[in-house]
1. For P28, what is the net charge nearby, where nearby means another residue's Cβ is under 15 Å from its Cβ and Lys, Arg count +1, Asp, Glu -1?
2. Report the local net charge at V625: Lys and Arg +1, Asp and Glu -1, summed over other residues whose C-beta lies under 12 Å from its C-beta.
3. Could the peptides 24-30, 95-101, 329-335 be put in order, highest first, of the mean number of other beta-carbon atoms found within 10 Å of their residues?
4. Among the aspartates and glutamates, select those whose C-alpha is under 17 Å from the C-alpha of K387, and discard any that sit fewer than 8 residues away in the same chain.
5. Given 20 °C and 1.002 mPa s, how large is the Stokes-Einstein diffusion coefficient of segment 283-458 in µm²/s, with Rh as the Kirkwood radius over Cα pairs?
6. Suppose the Debye formula is applied to equal point scatterers at every Cα of segment 93-212; what is log10 I(q)/I(0) at q = 0.09, 0.14, 0.17, 0.23 Å⁻¹?
7. Is segment 11-97 rounded, prolate or oblate when judged by the Cα gyration tensor, a ≥ b ≥ c being the square roots of its eigenvalues, rounded requiring a/c under 1.5 and prolate requiring a/b larger than b/c?
8. Sorted from largest down, give the three principal axis spans of the alpha carbons of segment 467-674, whole angstrom values.
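The values are calculated or read from the model by the stated rules, or taken from the named source; none is laboratory data. Only a predicted model underlies this, so the values are computations on that prediction, with no experimental measurement involved. In this analysis, Cβ positions are derived from the backbone assuming ideal geometry, glycine residues included, and neighbour counts consider all displayed protein chains. Just so you know, the surface numbers come from the protein's heavy atoms only, side chains and all, with ligands and any DNA or RNA stripped out. Shrake-Rupley method; radii C 1.70, N 1.55, O 1.52, S 1.80 Å.
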Amino acid sequence: MEALQLSVREGVLVMEISNPPVNALSQPVRAALMAALARLGADESLRGGVIAGARGTFIAGADIKEFGKPPEAPFLPDVFAAIEACPKPVVAALHGAALGGGLELALACDVRIAEAGTVLGLPEVTLGVIPGAGGTQRLPRLVGVSAALRLIGTAERIGAGAAHRLGVVDEVVEVDVVGAAVAHLPAKRRVSALPVPPEAPEAVAKAEVAALKAGKGRPAVVAAIAAVKDAAALPFAEGLARERAPFLALRASPEAAALRHMFFAEREAMRLPAALRATPRAIETVAVIGAGTMGSGIAQAALEEGFAVILYDQNADLLTKAGERLCAALAERAAAGKITPALATKLRLSLATGWAEIAPADLVIEAVFEDLAVKQEVFRQLDAHAKPGAVLATNTSYLDIDTIAAATSRPQDVLGLHFFSPANVMKLLEVVPGSASAPDLAAAGMEFGKRLKKLPVLCGNAFGFIGNRIYNAYRTQCEFMLEDGAWPEEVDAALEAFGFAMGPFAVADLSGLDIAWRMRAAQAARRDPRTRYVPVLDELCAQGRFGRKSGAGYYTYAAGKRSAGSDATVRGIIAAASAARGVSRHPLAPEDIQRRALAAMVNEAALLLADGVAQRASDIDVVLVQGYGFPRHVGGPVYWARMQDRAALERGIDIIAAAAGFGFRRGSLDLLLTESAP
Ligand code: T1G
């Protein structure tokens, strides 16, 4: 099929891009546009042109799949220059998504008309690059520097209404945007010829700080800010030339390659293996069991996506309070424009204290206390009261899905749906079928996750699934490093320098040490005394140091502020553990801390693949980046490993094997470094 469908309507050349699935501006599209623009300029019978997108969207941007390859002419700036050089007016008719190069193309047009519901943005920094086809120069000429800094620096996506208010689009129509474009052909009005509206330096400075903060100071954001500020200081042609060089340099950077890996890995992760693809069971009513933090978060996530929600809790007072909080939360989200007001005013929430009230639910999600006996009792009740064919899901983080399913007479309907707190914010959802789960259940979980606008990843039913299992291995190795000679703040600092938002001990303090303490106590009887076990966390909890919530853990907390380092008590506990182990403490350099922590993740990833818990290596990257703060610009632990020297990786695993001692299980790097998706 032609990349560009041409037609003439009332003397206007309609150029409709047809490059499924999202009309990316691949080379054939660029070449066809150049030819069509030449025809438009030369044909006296034509009075103007309209550029539109076929099927469900305008243009999603440059073709990201072309980035790793040598660039092919014509380049986007050439196409956009041809639009502006065309003596006749060209209108951009927008619907669906106008993103990246797609919005840059629209900015090169004389007028932009958007259908209501269109999403617009310049999200290039999320791919480690900057808008490379005039976006940093044209956008400020329409909206001013500070608004351009916000949109480009934060990769914010805005709707047609907001874009109209900002001046990005000239008109919003309800239907037939192409018809409107043909009817409203304007005089030629080159955006590049417009002056950048003057602004107070303070406004620009404030926007610059906000963009830097949102972008965590990454190179692409720094470069984008500089390019946008150039627009106000330089003639258009100079600013345009200055934008191209950093774009090309960034596009070739390892960071951009890692971010592209994540872009495609996240889409790949949502694909089920052929054997599990099925028509998902219809889910419209969701019952959530447990009105605590997780249950309320899951209920909010479902309400925001239009599901009817039954929230059950045996504690009527807790339930009422949760209901009130949910009403308030949705009202806030509607006021912020994040959800449609109707979802807040016509809340489809019912509160239940009787098991029989969950009967209408198509899906029941249990989010009660992480205790097997408690969950089994809940599932006995679900078995007795949920309607036949309802999907019965557990939000367990660690427990065995099969053991929970065995509490029912319908294990074929039981599934793990592991949400991450806060469940209404975190996108990651681990979908965990049990061995008795019906073949269509994984599809039901994945589809439900997508409808919640989450990132569902299929996991095998093994201890810790994917994320917690890898995180456990990482945290265990970090605890070994405490005994070997590092202090908590040194480990945290080294891993924050690597790119983690927070180090493992700061995270442990934040989530509460008592959770791990209870789990370790429950596992103590099964723990082989020959395996290395660090008792520091147990001792901290024994002294009532549960982390931030108790004012002290690995760190101390005064007025909610974490101390810079560990105090004498913690160091005494750690030194005692070292002595009891017979370890003579020695300092660990940051790079050694990083190498051991990463080796622990890489080794566990190899085991996950070998055990079939992760269906593909890139899923592990998605889980660790989306759920555990692994730095996205590094591409995830597996992608990182594939960028390392193989011998150095093996040496790193030698080191953690020696540190672990008895019971250490070594994964095969062969599989990890070469595996491709099934
Ligand atoms: N290039 C190539 N493929 C793309 C693509 C793109 N820009 N965008 C999406 N795809 C593929 C995606 O991999 C998937 O493929 C399919 O389309 C559906 O995507 C010069 C340099 C448009 C909002 O960052 O935000 O322009 O899995 O599952 O949920 O300055 O895709 O089917 O094989 O996401 O409906 C800037 C990225 C590029 C936008 C649609 N643009 N895309 O969401 O579908 S850089 C972006 C999206 C640039 C210029 C710079 C979303 C979407 P497959 P999907 P969706």
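1. -3
2. Its environment carries a net charge of -1.
3. Output ranking for 24-30, 95-101, 329-335: 95-101, 24-30, 329-335.
4. E284, E357, D362, E366, D413
5. 136
6. So the normalised log intensities are -0.23, -0.56, -0.81, -1.37.
7. oblate
8. That works out to 47, 37, 33 Å along the principal axes.
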